[in-house]
Amino acid sequence: MGKTIYVVTHPEATHHQDGLVGGWYDSDLTAKGSADAVSIARWIREQIPVGVTTDIVSSDLLRARRTAEQIRNAVGSVVALDRRLREKSYGTAEGRPQRWLDERFVPPPADGDRLDHDEGIPGAETKRDFAARVYSAMESITANPAEYQVIVTHGFTLTFVIAAWIQMPPESLGYANFRSTPGSITTLRQDDYFHNRQVASLADTQHFEPTGSASPVLSE
């Protein structure tokens, strides 16, 4: 049996609006973000065949949960919360002004050990730790035989979800990055013959009406 997974990055949240660092800081959706979540849910409902059960797995952070709730209401399913789908933790920077992080952030070297790089922020996750938990979550999600699934997560986490889906070696995540905008939908598919896994669409925002009301690229 084939599989389709819609990966949703939550829409605009209050930390975007307030210029704060996201990460594990538990911000809510803005009014615009809430409206965009309705558009996302409507689009996903239109993709799912009538009578087919859709499993929804969401980050447990509030901005993702609010988005997942709209999708649940639209498709008539339940939401399973998984903290492994959270955004990367920025430690002591979370909830602080973005400029506070920018002044202290140590960028990774061009070469060498980028996965274990210390960004200079106490308590922040390394990319290796981040990858380990997202890969673990994706192993659980893809083991589910459901034909349609929805993952609600965060902008930076999207790269790790995609990498896990195509079984990219975690070491490659020292360099890999797939850009997205808040409220985007990435479609992952596996065919039922070759069982190949593909990224059918990346960070699509065509579900916003009338001509696309998605927010610009922002720190998640």
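The values are calculated or read from the model by the stated rules, or taken from the named source; none is laboratory data. Here the structure is a predicted model, which means the values were calculated and not measured. Neighbour counts run over all protein chains shown; Cβ positions are idealised from the backbone, glycine included. Just the protein is used for accessible areas: all its heavy atoms, side chains included, with ligands, DNA and RNA removed. Shrake-Rupley method; radii C 1.70, N 1.55, O 1.52, S 1.80 Å.
Answer yes or no: is there a residue in segment 151-158 that is aromatic (Phe, Trp, Tyr), over 16 Å from residue 16 (Cβ atoms) and modelled with pLDDT of 95 or more. No: segment 151-158 contains no residue that is aromatic (Phe, Trp, Tyr), over 16 Å from residue 16 (Cβ atoms) and modelled with pLDDT of 95 or more.
Taking (1) touching a residue at least 60 places away in the same chain (Cβ under 8 Å); (2) closer than 24 Å to residue 34 by Cβ in turn, residue 174 satisfies each apart from (2).
In this structure, does residue 40 turn out to be among the aliphatic types (A, V, I, L, M), touching a His at 6+ places or on another chain (Cβ under 7 Å) and open to solvent by less than 10 Å² (accessible area, probe 1.4 Å)?
Here the answer is yes, as residue 40 does meet what is asked.
Has segment 59-71 got at least one residue that is more than 21 Å from residue 153 (Cα to Cα), out of contact with any Ser or Thr (no Cβ under 7 Å at 6 or more places or on another chain) and touching a residue at least 40 places away in the same chain (Cβ under 8 Å)? The answer is no, given that none of the residues of segment 59-71 is more than 21 Å from residue 153 (Cα to Cα), out of contact with any Ser or Thr (no Cβ under 7 Å at 6 or more places or on another chain) and touching a residue at least 40 places away in the same chain (Cβ under 8 Å).
Would you confirm whether or not segment 107-118 contains a residue that is under 24 Å from residue 67 (Cα atoms) and either touching a residue at least 12 places away in the same chain (Cβ under 8 Å) or of a type outside the set (A, V, I, L, M, F, W, C) (or both)? Taking every residue of segment 107-118 in turn, none turns out to be under 24 Å from residue 67 (Cα atoms) and either touching a residue at least 12 places away in the same chain (Cβ under 8 Å) or of a type outside the set (A, V, I, L, M, F, W, C) (or both). Residues in segment 108-133 that are within 19 Å of the chain's Cα centre (by Cα), open to solvent by less than 50 Å² (accessible area, probe 1.4 Å) and among the charged types (D, E, K, R): 3 in all. The lone criterion from (1) open to solvent by 40 Å² or more (accessible area, probe 1.4 Å); (2) over 24 Å from residue 162 (Cβ atoms) left unmet by residue 72 is number (2).
What residue, of 30, 54, is free of Cβ contacts under 8 Å to residues at least 40 places away in the same chain, of a type in the set (Val, Ile, Thr) and buried (at least 18 other Cβ atoms within 10 Å of the Cβ)?
30
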